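Structure first, commentary second.
Every number in this text was worked out from the coordinates using simple rules, so none of it is lab data. Quick caveat: nothing in here was measured; it's all calculated off a predicted structure. We place every Cβ from the backbone using ideal geometry, glycine too, and count neighbours over all the protein chains shown.
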Amino acid sequence: MSLKDVSAWLGFAKACFSQWASRWALAAALIACLVGLIDSQPAWAQTVPEVPQSAPAAPNPQALFEAHCSSCHAHGGNLIRRGKNLQQKTLLRNGYGEVGAIATLITQGKGVMPAYADRLSASEIEAIAQYVLEQAKISWP
């Protein structure tokens, strides 16, 4: 804060308070300037610190499955083709015993099952694949 700013502030304080109070205001202003309590930058010139952006929330795999898959695969079944269910034995028999294989199937589709690459992000597809494998291991309770 420059001397000109200090004197302007002190002049304002002196005009606002009585003679007795202005002496205390002057003393307080002088002490504040010496200690550095009065900021040298006006409020409008101060920069607001950047708030770091948090990572996007992890997709909810159960909600994603219910929204995109459960119309055909309710409770791990298959309403279209009984033999193409999501039970662990069936997944293993058809080569889908790993998250990557299930994710590829969801991404590319197969037969009457549509591809979801254009509707879901890679992280959402991965979350659904993981969810399917976990549910299959516990027999879709």
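What does the net charge come to around L120 if you take all other residues with beta carbon closer than 14 Å to its beta carbon, with K and R at +1 and D and E at -1?
Numbers: positive: R119; negative: E66, D118, E124, E126.
Result for the neighbourhood of L120: -3.
Net charge around F65, counting only other residues with Cβ within less than 12 Å of its Cβ (Lys, Arg = +1; Asp, Glu = -1)?
That sum, taken over residues with Cβ under 12 Å, equals -3.
If the only charges are +1 at each Lys and Arg Cβ and -1 at each Asp and Glu Cβ, what is the size of the charge dipole of the stretch 61-137 around the Cα centre, to the nearest 20 debye? Present the calculation step by step, with values, prior to reporting the outcome.
On the way: 8 positive and 6 negative charges, 98 e Å.
Computed about the Cα centre, the dipole is about 480 debye.
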